[in-house]
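Trainee: One structure, as structure tokens, below. Some questions next.
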Amino acid sequence: MSKYPEAMTIEPLSEHQWVIPTLVKWYRSEWEPYYGSEGPGDAKADLVSRCNRNAIPYGLVAIENNHVVATAALDIDVTTNLTPSVVGLLVGPEYRRRGVATALLRATEHHARELGYRRLYVSTTVLHSLLHRLGWRATGHVEFLNNERGSIYVREL
Ligand SMILES: CC(C)(COP(=O)(O)OP(=O)(O)OC[C@H]1O[C@@H](n2cnc3c(N)ncnc32)[C@H](O)[C@@H]1OP(=O)(O)O)[C@@H](O)C(=O)NCCC(=O)NCCS
């Protein structure tokens, strides 16, 4: 797998709050049942809540050439109630399949450890091979709002 571009950096969302409007658009279109106008979620409120500097909810963003490329956060997972979990992992549509999610997952692991956690969770329908490669272990099943079934993974830190 090629390394993500040199120009990309992963930084706290708290230092890049200017990206929130773009992330709100991405969240609403990617997770319409939850963040759309009929859904229970509030994308802007969730993102703003992740602007802590040394505590969860803790957001990260990938930035490249002054554009936001992707985001993820450490927070409680509202589907599984497990905490801390990697939530809201989203790579901008034009930046996919070049290792950005892999880099962001590694960064979330690093920051969870820095915050003193020894275990991290994620629930997903899509990231299976990537998570296995990074040393995560499947630990259960979950059903999402849209009735899709996914898996819960855990990473010992
Ligand atoms: C799922 C998602 C986060 C993946 O992001 P991504 O940056 O494309 O992920 P990566 O590039 O790190 O890895 C994805 C795949 O691309 C492959 N890949 C990575 N770099 C690559 C490259 N340079 N060329 C070709 N393929 C590459 C990886 O091997 C991986 O393949 P695999 O799934 O078969 O293992 C992204 O598609 C997304 O945001 N989707 C919508 C929201 C979503 O589903 N989020 C997950 C919630 S848990």
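None of the figures in this text is laboratory data; all of them are computed from the coordinates on show. Quick caveat, the model's predicted, so the values are computed rather than measured. Using ideal geometry, Cβ is built from the backbone for each residue, glycine included, and neighbour counts are taken over all protein chains shown.
To keep it simple, each residue is scored yes or no on (1) in a loop (DSSP other than H, G, I, E, B); (2) among the small types (Gly, Ala, Ser); (3) surrounded by 16 or more Cβ atoms within 10 Å (Cβ to Cβ); (4) touching a helix residue (DSSP H, G or I) at 6+ places or on another chain (Cβ under 8 Å).
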{"residue": "Ala103", "(1), (2), (3), (4)": "no, yes, yes, no"}
{"residue": "Thr108", "(1), (2), (3), (4)": "no, no, yes, no"}
{"residue": "Arg113", "(1), (2), (3), (4)": "no, no, no, no"}
{"residue": "Tyr121", "(1), (2), (3), (4)": "no, no, yes, no"}
{"residue": "Ser129", "(1), (2), (3), (4)": "no, yes, no, no"}
{"residue": "His132", "(1), (2), (3), (4)": "no, no, no, no"}
{"residue": "Gly140", "(1), (2), (3), (4)": "no, yes, no, no"}
{"residue": "Ser151", "(1), (2), (3), (4)": "no, yes, yes, yes"}
{"residue": "Val154", "(1), (2), (3), (4)": "no, no, yes, no"}
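Trainee: I've got another one for you. Are there any helices (runs of 4 or more DSSP H) wholly within segment 1-75 with 3 or more residues that are within 15 Å of the ligand (Cβ to nearest atom) and hydroxyl-bearing (Ser, Thr, Tyr), and if so which? First the steps, then the outcome.
Mentor: Details: elements: 20-30, 32-35, 43-49.
Where helices (runs of 4 or more DSSP H) fall fully within segment 1-75 and carry at least 3 residues being within 15 Å of the ligand (Cβ to nearest atom) and hydroxyl-bearing (Ser, Thr, Tyr), they are 20-30.
Trainee: Using the structure shown, decide if Thr83 is within 15 Å of the ligand (Cβ to nearest atom) and in a loop (DSSP other than H, G, I, E, B). Break it down stepwise before answering.
Mentor: Values: within 15 Å of the ligand (Cβ to nearest atom): no; in a loop (DSSP other than H, G, I, E, B): yes.
Judged against the criteria, Thr83 is not a match.
Trainee: Additional query: Which one of Leu134, Leu120, Leu130, Leu115 is out of contact with any Phe, Trp or Tyr (no Cβ under 6 Å at 6 or more places or on another chain) and near the ligand (Cβ under 9 Å from one of its atoms)? Talk me through it step by step, then tell me what you get.
Mentor: Details: Leu134 fails: near the ligand (Cβ under 9 Å from one of its atoms); Leu120 fails: near the ligand (Cβ under 9 Å from one of its atoms); Leu115 fails: near the ligand (Cβ under 9 Å from one of its atoms).
It is Leu130.
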